[in-house]
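Below is one structure, written out as structure tokens; the observations come after it.
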Amino acid sequence: MNVPTWMVEAQGVRKNYGDLEVLKGIDLQIPPGSVTCLLGPSGSGKSTFLRCINHLEKIDGGRLTVDGQWMGYRLLGNKAYELTPRQQAHQRADIGMVFQQFNLFPHLTVLENVALAPRIVHKIAREASEIRARELLARVGLHDKTGSYPRQLSGGQQQRAAIARALACKPKLMLFDEPTSALDPELVGEVLDVMRDLASGGMTMIVVTHEMTFAREVADTIVFMEDGRVVETGPPDQIFGSAHSERTRRFLTRVL
Amino acid sequence: MDVDTAERAKADAVGPQVHIINLRHRGRSVVAIVALLLVVALGYSLLANPNINWAAIGYYFTEESILRGALMTIQLTVLAMLVGLVLGLIFAIMRMSENPVLNGIANAYIWFFRGTPQLVQLIFWFNLAFLFPRIGIGSYTVDTNTVMTPFVAALIGLSLNEGAYMAEIVRAGILGVDPGQRQAATAMGMTPTQIMLRITLPQAMRLIIPPTGNQAIAMLKVTSLVSVISARELLTSAQIIYAKNFLIIELLIVASFWYLIITTVATVGQHYLEKWFNPESGRNGRGRSAKRSRLTQISRGLKKSTAPTGKA
């Protein structure tokens, strides 16, 4: 067995929705402990690619591994056997994901939202899972909201709770799908602060975002995508300062 | 322009002292009085009607066979709704299954039982013996007519029909849950069964309960159809009595009173059930969960308790 050097490795990943090819061969390597921001115009396939990483979307070609494991398949000889839903669930259990629309469970309190997966997926006792949930909620500044229901929180608080929920399973990788796009402008900062904190703690993060300042400041690598392809990859200084690609430069001048 | 400015100046000048006189809806009062008079007239014509034997209504209201009939009506309603709900859950999940065979069976079930009259179904089950004189497995069989009593035939007929309607209600409830919920749960590594039981169904319940309450109340009255297979529920009991003493209107009133009482109780029950599944309805809603988190806090000896239901 070779030790994986990459947390996420994509080779020629393709994805179609019917006749529409949304990913046209993505090649990407993401080292452990790094922060990667996926930028690009809407419809460029950033979110789709993110959802392929934890196999929320099934890929139609190429290969995608997380921590050395093929997502959604088991390799035997030269054949890849699709995993059962239970096995897929097991693979996803230590990958955290944060959604644009938060997707907190409205019928559970904030505390129950955070403590649920550790308890029923990782079989941690209720007491222990709730203690950890309280710690995580304190860390995102929500120690006084544990008993509230999601709808009683502001958007920024909901998204911070969603981050705490994703962290509850001690993920090796965190995926962020436009985490601040549904927030009022004045609430964006509090969520980005939590993410900044997480990044400095050494978490491997892949972030689809339109927050250019955040990307520039926090990312180790910027990946610019357009039309289902990776156009350019590089450190923020290079991408924001002197992008090689004309298309990248055009996009950045439009959004900055 | 000049007039406008002048008007505004005048308005500004008197502004603070102005009293607001609300529009008086005189027409509304007239209509209300007329409607009230009609209602009183109707009520009087009934109450003072010499052809209604009120004493008999009082007597039969608590007469034994009427009470037994009311009890059977309640039993049939509750059991048929429970079985219907379970069938509905199963067929709703089958209908949403990607397995084409399960999907087809569920579709056929819903198509058939919604498409044929309830009355036909009841009579069919009661007469099952004509089709299968004996039923059972292998060498163990019993006479169909000993098993298929009026009550059993009624229960089967009502449940199977209800299941078809409930399947559609449950399916609508499940489809009504935001797909983002399922995605978030999937991303957390929950299995499909866990997602259905812990995330989707609890949220679907809020959408399922109101139409189910409707169904239960409709069922209560549909049970009166089983009089055709002589199951002695409320209406049949009333019919048996008035066939002998001809107090037809009186016994229909007795039966109607009982139907109204049961419906009222069921409506109150539905109200509390809805509150239970609506987490933000305040202290009474989700009492179980609120109590639990309060208990865990006390057991940890935390002095500062966080209000479980948020807003004061």
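The values are calculated or read from the model by the stated rules, or taken from the named source; none is laboratory data. Predicted model only: the values in this text are computed from it and were never measured. No Cβ is skipped: glycine too gets one built from the backbone with ideal geometry, and neighbour counts run over all protein chains shown. Quick note on the areas: whole protein, heavy atoms, side chains included, nothing else; ligands and nucleic acids left out. Shrake-Rupley method; radii C 1.70, N 1.55, O 1.52, S 1.80 Å.
Numbers for the structure displayed
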{"item": "Hits in the stretch A:146-165 - residues which are free of Cβ contacts under 8 Å to residues at least 40 places away in the same chain and of a type in the set (Val, Ile, Thr)", "result": "A:THR146"}
{"item": "Wholly within the stretch A:29-94, strands (runs of 3 or more DSSP E) carrying at least 3 residues that are within 19 Å of A:THR204 (Cα to Cα)", "result": "A:35-39, A:61-66"}
{"item": "Every residue from the stretch B:235-244 that is open to solvent by less than 50 Å² (accessible area, probe 1.4 Å) and without any contact (Cβ under 8 Å) to a residue 40 or more places away in the chain", "result": "B:TYR242"}
{"item": "Residue within the stretch A:146-165 that is more than 23 Å from B:GLY180 (Cβ to Cβ) and open to solvent by 50 Å² or more (accessible area, probe 1.4 Å) present", "result": "no"}
{"item": "Qualifying residue in the stretch A:168-185 (condition: open to solvent by 60 Å² or more (accessible area, probe 1.4 Å), free of Cβ contacts under 8 Å to residues at least 60 places away in the same chain and not in a helix (DSSP H, G or I))", "result": "yes"}
{"item": "The one condition in (1) part of a helix (DSSP H, G or I); (2) at pLDDT 95 or above that B:MET190 fails to fulfil", "result": "(1)"}
{"item": "Tally of residues being of a type in the set (A, V, I, L, M) and crowded, with 19+ Cβ neighbours inside 10 Å across the stretch A:57-92", "result": "5"}
{"item": "Evaluation of A:SER34 against (1) open to solvent by less than 40 Å² (accessible area, probe 1.4 Å); (2) within 14 Å of chain B (Cβ to nearest Cβ); (3) out of contact with any strand residue (DSSP E or B) (no Cβ under 6 Å at 6 or more places or on another chain); (4) of a type in the set (Ser, Thr, Tyr) (one fails), failing number", "result": "(2)"}
{"item": "Some residue of the stretch B:154-171 being in a helix (DSSP H, G or I) and over 23 Å from B:TRP111 (Cα atoms)", "result": "no"}
{"item": "Residue that is modelled with the lowest pLDDT [pool: residues in the stretch A:85-111 that are within 13 Å of the chain's Cα centre (by Cα) and more than 7 Å from chain B (Cβ to nearest Cβ)]", "result": "A:ASP94"}
{"item": "Yes/no for A:GLN100 being polar (S, T, N, Q), within 24 Å of A:GLU190 (Cβ to Cβ) and either in contact with an Asp or Glu (Cβ under 7 Å, 6 or more places away or on another chain) or open to solvent by 20 Å² or more (accessible area, probe 1.4 Å) (or both)", "result": "yes"}
{"item": "Residue ID - modelled with the lowest pLDDT, chosen from residues in the stretch A:223-247 that are outside any loop (DSSP other than H, G, I, E, B) and more than 20 Å from A:LYS24 (Cβ to Cβ)", "result": "A:SER242"}
{"item": "Residues of the stretch B:192-205 classified as touching a residue at least 60 places away in the same chain (Cβ under 8 Å) and at the interface with chain A (Cβ under 8 Å from one of its Cβ atoms), total", "result": "1"}
{"item": "Residue within the stretch B:206-227 that is in a helix (DSSP H, G or I), within 10 Å of chain A (Cβ to nearest Cβ) and more than 30 Å from B:THR62 (Cβ to Cβ) present", "result": "yes"}
{"item": "Condition check for A:ARG132: open to solvent by 30 Å² or more (accessible area, probe 1.4 Å) and among the basic types (Lys, Arg)", "result": "yes"}
{"item": "Test result for A:LEU38, at pLDDT 95 or above and under 15 Å from A:VAL231 (Cβ atoms)", "result": "yes"}
{"item": "Test: A:VAL207 is touching a residue at least 60 places away in the same chain (Cβ under 8 Å) and either crowded, with 21+ Cβ neighbours inside 10 Å or part of a helix (DSSP H, G or I) (or both)", "result": "yes"}
{"item": "Candidate set from the stretch A:112-127 (those that are in a helix (DSSP H, G or I) and open to solvent by 50 Å² or more (accessible area, probe 1.4 Å)); member that is farthest from the other protein chains (Cβ to nearest Cβ)", "result": "A:ARG119"}
{"item": "Residue satisfying condition, being within 14 Å of another protein chain (Cβ to nearest Cβ) and more than 22 Å from B:ALA80 (Cα to Cα), within set B:GLY104, B:GLY180, B:GLY173", "result": "B:GLY180"}
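Residue-by-condition table, conditions (1) outside the structural domain of B:LYS244 (by TED's automatic domain parsing); (2) charged (D, E, K, R); (3) closer than 30 Å to B:ILE253 by Cβ:
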residue	(1), (2), (3)
B:GLU64	no, yes, yes
B:GLY69	no, no, yes
B:THR73	no, no, yes
B:LEU76	no, no, yes
B:LEU85	no, no, no
B:PHE91	no, no, no
B:MET94	no, no, no
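Rundown of residues vs (1) over 30 Å from B:GLY176 (Cβ atoms); (2) without any contact (Cβ under 8 Å) to a residue 40 or more places away in the chain; (3) open to solvent by less than 80 Å² (accessible area, probe 1.4 Å), yes/no style:
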site: B:TYR60; (1), (2), (3): yes, no, yes
site: B:ALA70; (1), (2), (3): yes, no, yes
site: B:LEU79; (1), (2), (3): no, no, yes
site: B:GLY84; (1), (2), (3): no, no, yes
site: B:ASN103; (1), (2), (3): no, yes, yes
site: B:LEU122; (1), (2), (3): yes, no, yes
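Residue-by-condition table, conditions (1) in contact with a helix residue (DSSP H, G or I) (Cβ under 6 Å, 6 or more places away or on another chain); (2) open to solvent by 30 Å² or more (accessible area, probe 1.4 Å); (3) at pLDDT 95 or above:
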residue	(1), (2), (3)
B:ILE195	yes, no, yes
B:ASN214	no, yes, no
B:MET219	yes, no, no
B:LEU225	yes, yes, no
B:SER230	yes, yes, no
B:GLU233	yes, no, no
B:GLU250	yes, no, no
B:ILE253	yes, yes, no
